[in-house]
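Visitor: A single structure is presented below for examination.
The values are calculated or read from the model by the stated rules, or taken from the named source; none is laboratory data. Nothing here was measured: the structure is a model prediction, and the numbers come from that model. Reconstructed Cβ throughout: ideal geometry from the backbone, glycine too, with neighbour counts over all protein chains shown. Just so you know, the surface numbers come from the protein's heavy atoms only, side chains and all, with ligands and any DNA or RNA stripped out. Shrake-Rupley method; radii C 1.70, N 1.55, O 1.52, S 1.80 Å.
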Amino acid sequence: MQTAHLSEQELVRREKLEELKKLGIDPYPAALYPVDNYSAEVKASFKDEHAEELNHVCLAGRIMSVRDMGKASFAVLQDSHGRIQIYVRKDDLTKDGDTSLYDIVWKKLLDIGDFIGVKGFVFRTKTGEISIHVKELTFLAKSLRPLPIVKEAEGQTFDAVTDPEFKYRQRYADLVINPAIKETFVKRTTLINSIREFLNEHGALEVDTPVLQSIPGGAAARPFITHHNALDVPFYLRIANELYLKRLIVGGFDWVYEFSRNFRNEGMDRTHNPEFTILEFYTAYKDYLWMMNVTERLLEKTAIDVCGTTDVQVGDKIISFKAPFKRISIYDAIKEHTGFDVSEMNEEGLREVCRQLHLSVDNTMGKGKLIDEIFGEKCEDHYVQPTFIIDYPVEMSPLTKKHRSKAGLVERFELMINGKEIANAYSELNDPIDQRERFEEQVRLMERGDLEAMYIDHDFLRALEYGMPPTSGIGIGIDRLCMLLTNQPSIQDVLLFPQMRPEKFGNDAENPNADTVLIKE
């Protein structure tokens with residue numbers, strides 16, 4: 001075993017590990033441990049007048065602190081539900097005159113972070129703290145790496161670890177020392193379950209579609225590329241599941257949805273991660289107006305399920321998820337916040353507006369990208385309360401049905417909350433000839449150097465040629481919605497394991513070219 005890179009504390013813990021083995025104590029036993037209670041439930045159910053009801057409890061968890069008092073000790077045990085104080089007395093751990101379990105194991109060989117199991121009875125100390133008087137102790141797992149010390153007193157946390165590098169890279173340790181962050185991920189699951197419940201109750205069918213795709217379709221984004229060895233062809237990690245879900249509408253399903261793990265080979269910031277979760281659903285015989293109404297009801301329900309209210313604290317703001325939401329066209333939004341009416345402008349006119357607004361643009365950007373740049377840089381931040389931005393120009397929306405009454409526009413909306421896009425929805429384009437022309441325009445943009453332009457998906461066009469009924473579809477960013485409903489400032493705070501540059505371990509730490517092996521730009 002290599003120990004040259006270990007700290008003094010790590011070396012000491014390994015020595016204790018060997019001492020436990022010499023005493024015949026398995027530091028990593030495989031046997032079942034009969035947990036029948038949890039810390040939070042014990043504290044919630046204990047009543048002084050009925051203390052005998054908790055005379056025999058069995059808990060397991062991690063030691064988080066110890067106060068030695070000679071022949072007795074108090075410690076804090078942390079399990080998956082919270083923390084509880086335990087009281088360990090030498091006499092209770094002595095058997096046939098053998099005090100080694102207390103004198104050697106408890107006082108010398110146990111460390112903060114170790115897992116133990118305890119059996120005993122619940123009582124209230126003189127200071128009023130509900131605690132467990134330990135009558136039997138079992139060693140369950142040795143911790144070889146010391147945890148960062150976080151102190152708590154009178155309900156306040158001191159010396160909390162806030163370094164993002166540590167928090168995101170070592171989430172497992174962050175969860176141990178900052179157990180309150182678990183609540184974020186519990187709420188994330190509540191959020192997803194709430195949405196799933198709503199959709200299932202309204203007759204939607206949950207489905208799975210391919211993550212590996214031969215064509216990265218359904219969105220304007222740069223894909224990750226991989227290689228299928230057996231077929232000897234390139235494949236792409238999906239950037240969206242839209243085109244597959246619409247194939248299912250062609251096939252006869254009326255309402256399908258999927259919580260899709262998507263991948264986009266783009267930048268990272270507080271609202272973007274290269275791997276993210278999106279909900280998409282598609283409903284036959286509906287349009288984008290119906291979809292706005294459903295989205296309002298869905299998010300109102302979800303806010304109540306997650307937060308208990310439609311008024312949600314986000315930073316220093318209160319955001320109301322109470323339906324209905326405001327609606328405004330993208331052209332009106334641009335005019336309101338820039339003073340420019342761009343509704344009749346061609347590409348050159350839009351470039352001139354961008355220059356006057358001091359926006360950086362290049363020759364690869366067509367009319368749609370230019371309008372998107374103006375809105376994103378000058379308008380987005382103004383929409384804090386939930387607002388539907390509606391009726392986009394056709395150049396921005398290659399998969400969207402043309403507007404039924406407004407030439408040059410499509411039936412599309414984006415839902416903006418707290419200055420960021422949360423959802424994107426259309427009356428879906430179901431004219432295969434129009435769709436082919438839109439794809440061909442995307443190819444021309446790709447030839448100009450637009451790395452996010454869409455590929456032509458010939459199989460999807462073939463599916464449309466069989467006929468797809470009028471359909472409405474939406475994509476809702478689950479990570480961004482979770483940020484709002486848990487009041488987290490960064491997408492990394494709602495992902496258990498956000499992407500990070502790989503660390504160097506072992507021999508890699510001495511190899512200056514290690515990153516070039518692990519990361520292929």
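Visitor: Determine which lysines satisfy two conditions relative to Lys167: a Cα distance under 18 Å, and not lying fewer than 8 residues away in the same chain.
Guide: Once the sequence-local lysines are set aside, what remains near Lys167 is Lys151, Lys182, Lys504.
Visitor: Using per-residue counts of other Cβ atoms within 10 Å, averaged over each peptide, order 234-242, 495-503 from highest down. The partial results should precede the final answer.
Guide: Details: 234-242: 22.0, 495-503: 13.9.
Taking the mean over residues of other Cβ atoms within 10 Å, the ranking is 234-242, 495-503.
Visitor: While we're here: Cut-off 19 Å, label point 7 angstrom out along Cα-to-Cβ of Glu503: give me the residues of segment 63-92 whose amide nitrogen falls inside.
Guide: Nothing falls inside the zone, counting backbone N under 19 Å.
Visitor: Next question, about the same structure. Averaging sequence separations of C-alpha pairs under 8 Å and six or more residues apart, then dividing by the length of segment 334-376, give the relative contact order as a whole percent. Present the calculation step by step, with values, prior to reporting the outcome.
Guide: Working: 25 pairs, mean separation 15.7, N = 43.
Computed value for segment 334-376: 37 percent relative contact order.
Visitor: Which whole-percent values make up P(r) of segment 106-262 when all C-alpha to C-alpha distances are grouped in 5 Å steps starting at zero?
Guide: Percent of Cα pairs in each bin: 2, 6, 9, 9, 11, 12, 10, 9, 9, 8, 7, 5, 3, 1, 0.
Visitor: Could you look at segment 353-455 and say what percent of its accessible area is carbon and sulfur, using a 1.4 Å probe and all protein chains?
Guide: Details: 2010 of 4340 Å².
Percent of accessible area from carbon and sulfur atoms in segment 353-455: 46.
Visitor: Excluding ligands, DNA and RNA, what is the solvent-accessible area per residue of the chain at a probe of 1.4 Å, expressed in Å²? Working shown, then result.
Guide: Values: 26270 Å² over 521 residues.
Averaged over the residues of the chain, the accessible area is 50 Å².
Visitor: With each pseudo-label sitting 7 Å past Cα toward Cβ, what's the Ala323-Asn229 distance in nm, one decimal?
Guide: 5.1
Visitor: Expressed as a rounded percentage, what relative contact order does the chain have, with Cα pairs under 8 Å and six or more residues apart? Could you put the intermediate results ahead of the total?
Guide: Working: 907 pairs, mean separation 61.3, N = 521.
Result for the chain is 12 percent.
Visitor: OK, next. Report, ordered by chain and residue number, the aspartates and glutamates lying within cross-link reach of Lys301, taken as a straight Cα distance under 18 Å and ignoring same-chain residues fewer than 8 apart.
Guide: Cα-Cα hits under 18 Å: Glu197, Glu201, Glu280, Asp311, Asp479.
Visitor: Using a 1.4 Å probe over the heavy atoms of the protein chains, calculate the carbon and sulfur portion of the accessible area of segment 152-285 as a whole percent. Numbers along the way, then the final one.
Guide: On the way: 3490 of 6590 Å².
After summing per-atom areas, the C and S share lands at 53 percent.
Visitor: Label points 7 Å out from Cα along the Cβ direction at Phe253 and Asn55: separation in nm?
Guide: The answer from the label model is 5.7 nm.
Visitor: For a paramagnetic label modelled at 7 Å from the Cα of Asp36 toward its Cβ, which residues of segment 106-122 fall within the zone defined by backbone nitrogen distances under 17 Å?
Guide: 117-122
Visitor: Can you give me the distance in nm between label points at Arg89 and Leu359, each placed 7 Å from the Cα along the Cα-to-Cβ direction?
Guide: Label at Arg89, label at Leu359, 7.5 nm between them.
Visitor: Please give the helix 8-22 orientation as an angle from the longest Cα principal axis of the chain, in degrees from 0 to 90, rounded to the nearest 10.
Guide: Long axis of 8-22 versus the principal axis of the chain: about 60 degrees.
Visitor: Binned at 20 Å from 0, what are the whole-percent values of the Cα-Cα distance distribution for the chain, short to long?
Guide: In order of increasing distance, the bins hold 18, 42, 28, 12, 1 percent.
Visitor: So if each residue of separation counts as 0.36 nm, and I subtract the Cα-Cα distance between Arg462 and Lys108, what length gain in nm does that give?
Guide: Details: separation 354, 0.36 × 354 = 127.44 nm, distance 7.23 nm.
120.2 nm is the gain from fully extending Arg462 to Lys108.
Visitor: Also, quick follow-up: So which lysines can Lys401 reach, going by Cα to Cα under 16 Å and dropping same-chain residues fewer than 8 places off?
Guide: List returned: Lys246, Lys286.
Visitor: Rg and Dmax of segment 1-153, Cα atoms, in Å?
Guide: 16.0, 57
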